[in-house]
Every structure is written in structure tokens, then in C-alpha cells.
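Please read the structure below before turning to the comments.
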Amino acid sequence: MKLKERTAENVHTAFIEEAKAHQRLLMFAKRAEEEDLPQIAHLFRAVATAEGIHSRRHFALLESVADTQSNLEQAFQSETAVNGVHYPRMLLEAEEDGEEAAALVFSQARDIEAVHAKLYKKALNHLIAQRLAEYYVCTICGYIVEGKPPEGCPICNAPKSKFEKVD
């Protein structure tokens, strides 16, 4: 379905804001748990779930989800563009602005996006075989590893204990 330009812009804005709210509320829930406020954390997670539903509904109006091979190809292309074009520009601009924390985050994200692209490419090559793999994600920087987690994250040096298995 092709939306009219103004509506498409509004849906895109709504998608971004709902996705941000989803992530913000998950972070709020984590903080509430750290402060030993489980009911507040539970409330934040419940509202985050609803915001996630809103963002997915908006996304469905903007983009279609195709067959898995097409989705893998699109994800590979997206990660390649982010890694090769967008993050390098953002990193350079952060460095020019003297924003060291942002530059570090952009640099690490750029490197991780390259790993994501490799994982998608590997999945495309093994789509027919449907080889099962375990994935672990560094909860500090988002680095993904196939198989067992390393002793230390190669991107941010977080210890093995900071890797979570993706179910």
C-alpha cells in the first residue's frame, strides 16, 4: 500500500517515536529493577510491550516484510550501508565536534554492523541447509557472536559474563 506523502511522513515519525519509547521504557524498567522496584519495572515492561506493538504496526504501513531470502538480502544491504556510509560520516562529525563518547559509540556500532552483515551473508549462503546456530550478544555494545561467547568482547572488552544468549 502506497501512502500519501504527508501521511507517510506522519507514520514514519510515529514509528520512530514509538520505537524510541519502547527502548526508553525497557531502560527505565532495568533501572527500576536495579533500585529494587519490581512492580514499577513490570509496569515499564508492559507499556514497552505496547509501544513495541505500536511501532511494528506503523512499520507495517511503511514497509512490507517479504520472504526470508529477500528479508536477509535487504538486511545485508542495510547493514552494509550503515557500516560503510552512515556510521563513518557520523563518526567523523563527532570527532570534529570533539564528542568523544559519541565517537566511541559510533565507532563500535560501525564495527558491529560489519559483523551483522557477515552474519546475514552467512545465513543467505546457508538458507537451504537451515543450519542451526546459537547467538550471544554483548549487552554493553551489541556485538554478536555465533557459537560460544568469547572471554572478552573484541569491540568493547566486556567480560564473557556480559554476553546473553539469544533465544
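Worth a mention:
- Val65 passes every criterion in (1) aliphatic (A, V, I, L, M); (2) assigned to a helix (DSSP H, G or I); (3) within 26 Å of Ala109 (Cβ to Cβ) apart from (2).
- Selection status of Val105, under 15 Å from the mean Cα position of the chain (by Cα) and either farther than 26 Å from Ala158 by Cβ or in the same structural domain as Ala158 (by TED's automatic domain parsing) (or both): no
- Hits in region 31-72 (condition: loosely packed, with under 15 Cβ neighbours inside 10 Å and among the acidic types (Asp, Glu)): Glu34, Glu35, Asp36, Glu63, Asp67
- Within region 93-134, being surrounded by 11 or more Cβ atoms within 10 Å (Cβ to Cβ) and of a type in the set (Lys, Arg) holds for Arg110, Lys118, Lys121, Lys122.
- Checking each residue in region 99-149 for being touching a strand residue (DSSP E or B) at 6+ places or on another chain (Cβ under 6 Å), closer than 21 Å to Ala81 by Cβ and among the hydroxyl-bearing types (Ser, Thr, Tyr) picks out no residue at all.
- Condition met for Ala81 (without any contact (Cβ under 8 Å) to a residue 24 or more places away in the chain and either surrounded by 17 or more Cβ atoms within 10 Å (Cβ to Cβ) or closer than 20 Å to Asn157 by Cβ (or both)): no
- Set Ala50, Ala60, Ala21: member being at pLDDT 95 or above, in a helix (DSSP H, G or I), closer than 29 Å to Ala75 by Cα and among the aliphatic types (A, V, I, L, M): Ala21
- Taking residues in region 13-42 that are within 29 Å of Glu63 (Cα to Cα), and partners anywhere that are polar (S, T, N, Q), the pairs with Cβ atoms closer than 6 Å and at least 6 places apart or on different chains are Phe15/Ser55; Glu18/Ser55; Ala19/Ser55; His22/Ser55.
- Selection status of Glu113, in contact with a helix residue (DSSP H, G or I) (Cβ under 7 Å, 6 or more places away or on another chain) and of a type in the set (Asp, Glu): yes
- Checking each residue in region 24-44 for being acidic (Asp, Glu) and assigned to a helix (DSSP H, G or I) picks out Glu33, Glu34.
- Here Leu132 meets the list (1) under 25 Å from Gln69 (Cβ atoms); (2) of a type outside the set (Val, Ile, Thr); (3) in contact with a Phe, Trp or Tyr (Cβ under 9 Å, 6 or more places away or on another chain); (4) not in a helix (DSSP H, G or I) almost entirely, failing just condition (3).
The values are calculated or read from the model by the stated rules, or taken from the named source; none is laboratory data. For clarity, every value in this text was computed on a predicted model and none was experimentally measured. Please note: Cβ atoms are built from the backbone with ideal geometry, for glycine as well, and neighbour counts cover all protein chains shown.
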